[in-house]
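Remarks on the structure that follows.
The values are calculated or read from the model by the stated rules, or taken from the named source; none is laboratory data. Since this is a predicted model, take the numbers as computed values, not measurements. Cβ: placed from backbone, ideal geometry, glycine included. Neighbour counts: every protein chain shown.
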Amino acid sequence: MKKIKLYIAISINGKIAKKNGDVDWLENIPNPDNEDYGYTEFVESCDSTIMGMVTHQQILGFDVAYPYRGMKNYVITRNQNPEPFEHVEFVTSNHIDFIKSLKQQNGKDIWLIGGGQINTLLLANKLIDQIYLYYMPYILENGHDIFEYNLKNVPLKLISNRTFQSGAMEAVYDVV
């Protein structure tokens, strides 16, 4: 059975993006060692991604080739007629049932890219298995929270943590 892993950078005050959706603030954090924060190893452990439509559109706005080629990419949306994109499959209904069936497939794990709405939906439905949080030494005045609305209590168990020369901190949690 596959695990769903949320791998995400957040500001110290819990924001994942600026109010306009930009994540350019991450480029302002000095990284003297060119640390990839475990990204390469993490990506190799996954064969698919899940993201919300806002995150998908934000990624398309980056001036780079689609970064998740070679993986199966699912965009969760309520839009019944999304504009087709060659690298993704749009899931327009029965989101929770689809994701539950995806977890039952054989293969590597699933990377939950975000954003806040899909993070909340999956956590509220007990579908996230692990959370990889990268606390970045930055405070965003306004922005999108890692979770978009109130959740009931969700216990987490710390399984590892480390710090980086840049001041970033990694904390990996199992969702209990």
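Taking the numbered list (1) over 18 Å from Ile8 (Cα atoms); (2) under 13 Å from the mean Cα position of the chain (by Cα); (3) among the hydrophobic types (A, V, I, L, M, F, W, C) in turn, Val64 passes all entries but (2). Taking the conditions (1) under 24 Å from Ile29 (Cβ atoms); (2) surrounded by 10 or more Cβ atoms within 10 Å (Cβ to Cβ); (3) among the charged types (D, E, K, R) in turn, Lys157 satisfies each one other than (1). Val43 - would you say it is in contact with a Phe, Trp or Tyr (Cβ under 6 Å, 6 or more places away or on another chain), in contact (Cβ under 8 Å) with a residue 24 or more places away in the chain, more than 18 Å from His144 (Cα to Cα) and surrounded by 10 or more Cβ atoms within 10 Å (Cβ to Cβ)? Answer is no for this residue.
Conditions tested, residue by residue: (1) crowded, with 18+ Cβ neighbours inside 10 Å; (2) in contact with a Pro (Cβ under 9 Å, 6 or more places away or on another chain); (3) at pLDDT below 95.
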residue: Pro82; (1), (2), (3): no, no, yes
residue: Asn94; (1), (2), (3): no, no, no
residue: Ile99; (1), (2), (3): yes, no, no
residue: Gln105; (1), (2), (3): no, no, no
residue: Ile113; (1), (2), (3): yes, no, no
residue: Ile118; (1), (2), (3): yes, no, no
residue: Tyr132; (1), (2), (3): yes, no, no
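Would you confirm whether or not segment 90-113 contains a residue that is closer than 22 Å to Lys19 by Cα and either not in a strand (DSSP E or B) or not small (Gly, Ala, Ser) (or both)? The answer is yes, given that some residue of segment 90-113 is closer than 22 Å to Lys19 by Cα and either not in a strand (DSSP E or B) or not small (Gly, Ala, Ser) (or both). Assessment of segment 129-136 against the conditions (under 22 Å from Val176 (Cα atoms) and hydrophobic (A, V, I, L, M, F, W, C)) yields at least one matching residue. Figure legend. Inter-residue proximity from segment 1-21: first residues closer than 15 Å to Val175 by Cβ, second residues surrounded by fewer than 22 Cβ atoms within 10 Å (Cβ to Cβ) and among the acidic types (Asp, Glu), beta-carbon distance below 7 Å, spacing 6+ or different chains. Indicated pairs: Lys2/Asp109; Lys3/Asp109; Lys3/Asp129; Ile4/Asp129; Lys5/Asp109; Lys5/Asp129.
Scanning segment 57-78 for residues that are in a loop (DSSP other than H, G, I, E, B), of a type in the set (A, V, I, L, M, F, W, C) and closer than 19 Å to Leu122 by Cβ gives a single hit, Met71.
Residues to consider are Glu27, Glu86; find the one that is more than 22 Å from Phe147 (Cα to Cα) and in a loop (DSSP other than H, G, I, E, B).
One residue alone meets the criteria, Glu86.
When Tyr68, Tyr74, Tyr7 are checked against the criterion of being at pLDDT below 95 and not hydrophobic (A, V, I, L, M, F, W, C), Tyr68 stands alone in meeting it. Restricting attention to segment 126-176, the residues that are out of contact with any helix residue (DSSP H, G or I) (no Cβ under 8 Å at 6 or more places or on another chain), in a loop (DSSP other than H, G, I, E, B) and either in contact (Cβ under 8 Å) with a residue 60 or more places away in the chain or within 19 Å of Lys15 (Cα to Cα) (or both) total 12. Just one of (1) farther than 25 Å from Lys19 by Cβ; (2) surrounded by 16 or more Cβ atoms within 10 Å (Cβ to Cβ); (3) out of contact with any Lys or Arg (no Cβ under 9 Å at 6 or more places or on another chain) fails for Leu122. It is (1).
None of Ser11, Ser101, Ser93, Ser45 is among the polar types (S, T, N, Q) and touching an Asp or Glu at 6+ places or on another chain (Cβ under 6 Å) except Ser45.
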